[in-house]
Each structure stands twice: as C-alpha cells, then as structure tokens.
Amino acid sequence: MVKPYKDSSSSKKDQVTSMFDGIAKNYDALNRVISMGIDKSWRRKLVAMVAQKNPKEVVDVATGTGDLALALTSIPNATITGIDIAVEMLEIGKQKVYQNKLDRRIKMVVGDAESLPLTDASIDAVTVAFGVRNFGDLNKGLSEIYRILKPGGQLFVLETSVPKKQFFRFGYKLYSSLFLPLVGRLFSSDKNAYTYLSDSAAAFPYGEAFNNKLKKVGFSTVEDHPQTFGVVTIYKATKRIDA
Ligand SMILES: C[S@@+](CC[C@H](N)C(=O)[O-])C[C@H]1O[C@@H](n2cnc3c(N)ncnc32)[C@H](O)[C@@H]1O
C-alpha cells in the first residue's frame, strides 16, 4: 500500500487526511499546473456523462475543494452533496460554493468514504475525481458507494491511469518522475505529498484491473474510457437493477 509518509506508522487514512489538509491552500493552483489545465475538460466530460440520466440526488465523494461539485450544478434540478474527510480542503470548497451563490444546490459535508453518512439506496449518481486511489481501504469505499446508490444508480470515477502505448508511457514516466516532483517542490514544502502523488498513481489499478474491483463489489455494467492518451480514465459503473 502506498502511503504519503513512509516513515510514519499511522494509517493511510490519517496520513492522507493530514497531507491534504496541509496542501489545501495550494491545491487548486497545483492541480491546474500538474494537469496543464486539462483537468477542467476531464471534469466537463464526466459531468456530461452523469447528466445523461438526469440524476436528482448526486454525491461527490472526496470532493476536496469542490471543483467537480460546482461543475455538477450544470445538471438541471440536481442537488449535490460534496463529502470529504479533510476539513481544510472542504473549507475552501465551502467558500467557493458561497462565492458562487450555490448554497441551495450544494451541501458540503465532512465525512469518510468508508462510512458514508447517507441511507441505503438513496442516491441517483455518485462521482469521485482523483479520490479512490487515496482511500485507506478501496474495497470498503467502493462498497459504501454501492450501498448508497439506488438500484440502477451510477458511479462515475475519474482517476489517473498509465498510457498503454509505449511512446506515451515513456513520456508519462518522464513527466511523473521529473516534472511532478519539481512542481511539488515549487508549490509546497511537503515533498512527501508529491512523491506520494506520483508513486500512488503508478501503483493504482487501472483499466480492466479497476473494472474488476468495481465488479467485485457488485456493479453490473462497467465501462472504462481512457482520456488524453490514457493518463486518466473515466469509469462508469451501474448498480444492479434487482439489487
Ligand atoms: C486529489 S484530491 C481530489 C479532490 C477533488 N475531487 C478534485 O477532483 O480536485 C483527493 C481528496 O480525497 C479525499 N479523501 C481521501 N480519502 C478519503 C476518504 N476516506 N473519505 C473522504 N475523502 C477522502 C482527500 O481528503 C482529498 O480531498
């Protein structure tokens, strides 16, 4: 298991929480730089996929500073709940909701993906952007999401992946071993945070391997849609209608 602080014995969940709390103020700027601004278009694409079934109750798990929660308000009549374990990340998200006068559309709640504060089968769609690879227990987090979805409800995950084509894979390796740590040093004094971002991205299951994780918790139809040469993938998984 890849953890942010290798020389600490605390749990991955505790380490991830304090790491994100520590980088919260720089997170948005950093995000734009490390994705070279493309993260916005990945989120737009994901929102367009979510919108296809006109969900009313949408939960954005690991919402962080809330960019995806805000983007989801483009779905007419949808109510969005953003949930995150890191209070400082969520605080920045709350400010954005307030500044954009979206308090009636978005609720921001502190909570753990592995124990979601929501009732069974109550949600139409769940989204997670760059969150699942940070869960302390991936299987538990995915099972919780499955539990809160209505039968036929959908989960959309946006997560890092590794390009399949040799040429792009090589470029990606250069990017994550040279560019990422450099940007990390410029934006934050927590050098572990950026080693963790690239190490965890390299180790995380993607494509078929992640599809299998989704099927294991019960999702029926599972699709993966690689984006930008496969540096990230959008997954769509549907809860069984007879669940
Ligand atoms: C890389 S950030 C992504 C934030 C946001 N979704 C985005 O796309 O910018 C990962 C987020 O996952 C959150 N996170 C990690 N483990 C979590 C858990 N068990 N429950 C809820 N949030 C969690 C972190 O606190 C952090 O805000």
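The values are calculated or read from the model by the stated rules, or taken from the named source; none is laboratory data. Since the structure is predicted, the reported quantities are computational estimates derived from the model, not experimental observations. With ideal geometry, Cβ positions are generated from the backbone for all residues, glycine too; neighbour counts draw on all protein chains shown.
For this structure, a couple of remarks:
- The residues on offer are 124, 103, 137, and the sole one that is out of contact with any Gly (no Cβ under 7 Å at 6 or more places or on another chain) and in contact (Cβ under 8 Å) with a residue 12 or more places away in the chain is 137.
- Whichever residue in the range 14-50 is of a type in the set (A, V, I, L, M, F, W, C), surrounded by fewer than 18 Cβ atoms within 10 Å (Cβ to Cβ) and in contact with a helix residue (DSSP H, G or I) (Cβ under 9 Å, 6 or more places away or on another chain) and, among such residues, is nearest to residue 91 (Cα to Cα): 29
- The condition of being touching a residue at least 24 places away in the same chain (Cβ under 8 Å), within 14 Å of the ligand (Cβ to nearest atom), among the hydroxyl-bearing types (Ser, Thr, Tyr) and surrounded by fewer than 20 Cβ atoms within 10 Å (Cβ to Cβ) holds for only one of 74, 11, that being 11.
- Of the criteria (1) in contact with a Gly (Cβ under 8 Å, 6 or more places away or on another chain); (2) more than 9 Å from the ligand (Cβ to nearest atom); (3) aliphatic (A, V, I, L, M), which one residue 142 fails: (1)
- Just one of the listed residues (51, 29) is free of Cβ contacts under 8 Å to residues at least 60 places away in the same chain and more than 10 Å from the ligand (Cβ to nearest atom), and it is 51.
- Residues being of a type in the set (Lys, Arg) and more than 9 Å from the ligand (Cβ to nearest atom) - total across the range 124-139: 0
- Flag if residue 87 is modelled with pLDDT of 95 or more, closer than 29 Å to residue 185 by Cβ, surrounded by fewer than 20 Cβ atoms within 10 Å (Cβ to Cβ) and within 14 Å of the ligand (Cβ to nearest atom): yes
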